[in-house]
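See below for the structure under consideration.
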Amino acid sequence: MKSAVETLNPTRVRLTVEVPFEELKPSLDAAYKKINQQVTVAGFRKGKVPARIIDQRFGRGAVLEEAVNDALPKLYTEAVSEGEIDPLGQPEVDITELKDGELLSFTAEVDVRPTIEIPDYSGIEVTVDAVEVSDEDVENSVQQLRERFASTTPVERAAAEGDVVTVDLEAKVDGEVLPDGVAKGVSYTIGSGELLDGIDEAVTGLEAGGSATFTSELKGGSAQGKEAEVKVDVSAVAERELPELDDDFAQLASEFDTLEELRADSRKRLEEARRYEQATEAQEKVLEALLGLVEVPVPEKLLEDEIGTRKHNLENHQLAQMGLDLDAYLKIQEKTAEEFEAELKEQAEKGIRTQFVLDELVKKEQLSVGQEELTEHLVRRAQSSGMSPDQFAQAVVEGGQVQMLVGEVARGKALATVVEAAKVVDSNGEPVHLEDEEEDEEAAESAPESADSGSEAAKAEEQKDA
């Protein structure tokens, strides 16, 4: 076999392959055997029809077609190896010549990883928000905890903001009650904004036994996005009572003996959360700076596929879980379809560029992934996907996504390497030291949206179901 590689552009090549006919013999034998199992010829036992009879009855062309289809994957793989190219996606194959007994020629066009030169990144400088927790932040945190321990007491008066009302709801569209438009015994805190727009105004001032009607746009269900006439009946009104902010509350709501200890712990937790946010911000900004230093051409077909994958995952996983379709989502986001497509393309292109650059860094810095690192990453990914580690691992293995997970960890380590070399200061001009390597690496792994990773668990589950 002879092969040659022609570079069409920085991200696409054409392989030209010539194969002497004798090299097709194994595939020809396999073709005759396969056809033999599929046909019946009078005078011959099943599977024992001679090759010349198959040629006469069914045509030599059918045999050649079967043989070529059998041989092409292996021939293409050999040509890829011979040409030392790194293909992306499936090739577009064209049989250019097939002379029975003489020669098979074909071309294969395929996207390839572009050649990337990683520049010196040690000069990257970024500024991130300072870690600051105010007394007001602490009090808001304690207040949220206090809200969780509120009690309710039934009252015989008109409902007011902050009260908890028990209501029955009935929604009509065009005068017809919706099949899924009736709900009974719903508990709702006035002013929380957790139900339909307009319900706060409707129930405020009503006592138990009172009713009101209001118009609201439905946020889900069979008539999602439509204007509905909603009837609300109040069956009970209860007053929420917050516990006193004292040492007794601290003992009730936490492991601490005093309110001051509880406040100190709240401050500590807020500071830890802000430090994590700061580390994530540093990683994102360093990544942006790194991408700005590198010219990365993006293969058109790969970009098209990545856009399709992201859109599919959004519509069939994220939005489906929320009971939304794309139109409703765009309405909530106040975006046009054109704006959505443009953003999706930008995100997909950044994801591909990020993967290419970080993969090149993995090679340049000779980074490897240990079993313990892979296991830790798998556990985190399982938690974020809502699956148990065992379920997630099974889905990944059955979907052939293990190497994809390895790539995620390696790219996270590559980004962490760049962050470590960068100069990071906060908005007060103070140096930022990202000392917690485990948290840094976790943030790094989640920062890039790789072109071929998308949602691994979702892809693995889809392949498993298929």
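Bear in mind that the values in this text are calculations on the coordinates, not laboratory data. None of these values were measured; they are calculated from a predicted model. For neighbour counting, all protein chains shown are included, and Cβ atoms are generated from backbone atoms with ideal geometry for every residue, glycine included.
So, R0 is 22 Å and r is the distance between the beta-carbons of residue 152 and residue 255; what FRET efficiency does that work out to, to 0.05? Each step should come with its number before you reach the end.
Details: r = 26 Å, r/R0 = 1.18.
For R0 = 22 Å, the calculated efficiency reads 0.25.
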*Just going by the charge dipole of the chain, with Lys and Arg at +1 and Asp and Glu at -1 on Cβ, which of 279, 329, 416 is farthest out on the positive end?*
329
_Give me the one-decimal nm value for the distance between modelled label points at residue 247 and residue 130, 7 Å along each residue's Cα-to-Cβ direction._
3.5 nm
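Which longest run of the chain has no exposed loop site in it, a site being trypsin sites (Lys or Arg not before Pro) in a DSSP loop with at most 11 other beta carbons within 10 Å, and the site itself not part of the run? Please report the intermediate quantities before stating the final value.
Values: sites that count: 45, 46, 48, 157.
In short, 158-466.
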*Student exercise, region 332-378 dipole from Lys, Arg, Asp, Glu Cβ charges, in Debye to nearest 20*: 220 debye
*Tell me, what HN-Hα J-couplings in whole Hz come from the Karplus equation 6.51 cos²θ - 1.76 cosθ + 1.60 at θ = phi - 60° for each residue of region 136-149, using x for Gly and Pro?*
5, 4, 5, 5, 5, 5, 5, 5, 4, 5, 5, 4, 5, 9
*asked:* Can you give the FRET efficiency to the nearest 0.05 for residue 215 and residue 342, using r as the Cβ-Cβ distance and R₀ = 25 Å?
replied: 0.15
*asked:* Below 25 Å, Cα to Cα, which lysines can residue 363 reach? Residues fewer than 8 away in the same chain don't count.
replied: 285, 301, 350, 413, 423
*asked:* For residue 224, what residues show an amide H to amide H distance below 5 Å, using hydrogens built from the backbone and excluding near sequence neighbours?
replied: none
*Simple spin-label estimate for residue 275 and residue 97 in nanometres, 7 Å along Cα-Cβ*: 7.0 nm
_How much length would be gained if the chain were fully extended between residue 288 and residue 186, taking 0.36 nm per residue of separation minus their Cα-Cα distance, in nm to one decimal?_
32.0 nm
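With runs of 4+ DSSP H residues as the only contributors, calculate the mean residue ellipticity of the chain at 222 nm using -39,500 (n - 2.57) per run, divided by the residue total and rounded to the nearest 500.
Details: 16 runs with 226 residues, N = 466.
-15500 deg cm²/dmol, from helical runs alone.
Explain nothing, just the number: dipole magnitude of the chain about its Cα centre with +1 on each Lys and Arg Cβ and -1 on each Asp and Glu Cβ, in debye rounded to the nearest 20.
3540 debye
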*Among 209, 228, 386, whose Cα lies farthest out toward the positive end of the dipole of the chain, if unit charges sit on the beta carbon of Lys, Arg (+1) and Asp, Glu (-1)?*
386
_Computed label-point distance, nm, for sites residue 51 and residue 227 using a 7 Å Cα→Cβ extension_ = 7.8 nm
_On Cα atoms only, tilt of 25-38 relative to the major axis of the chain in degrees_ = 70 degrees
*Specify the angular offset, from 0 to 90 degrees and rounded to the nearest 10, of the alpha carbon long axis of helix 337-364 from the longest principal axis of the alpha carbons in the chain.*
70 degrees
*Roughly how tilted is helix 437-446, in degrees to the nearest 10 and between 0 and 90, from the longest Cα axis of the chain?*
70 degrees
*Whole-Hz ³J(HN,Hα) from phi, Karplus 6.51 cos²θ - 1.76 cosθ + 1.60, for region 108-122, glycine and proline x*: 9, 9, 8, 6, 9, 5, x, 6, 10, 9, 7, x, 5, 9, 5
*What residues of region 219-239 lie in the reach of a label at residue 174, counting those whose backbone N is under 16 Å from a point 7 Å from the Cα along Cα→Cβ?*
222-229
*Rounded to the nearest 0.05, what FRET efficiency do residue 201 and residue 14 give with R0 = 45 Å and r taken as the Cβ-Cβ distance? Could you check?*
0.10
*Extended-chain gain in nm, criterion 0.36 nm per residue less alpha-carbon gap, residue 402 and residue 194*: 70.8 nm
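Defining a contact as two alpha carbons under 8 Å apart and six or more residues distant in sequence, what relative contact order in percent does the chain show?
Numbers: 676 pairs, mean separation 71.5, N = 466.
Answer for the chain is 15 percent.
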*asked:* In whole Hz and in residue order, list the ³J(HN,Hα) couplings for region 369-376 that follow from phi through the Karplus curve 6.51 cos²θ - 1.76 cosθ + 1.60, θ = phi - 60°; x for Gly and Pro.
replied: 10, x, 4, 5, 4, 5, 5, 4
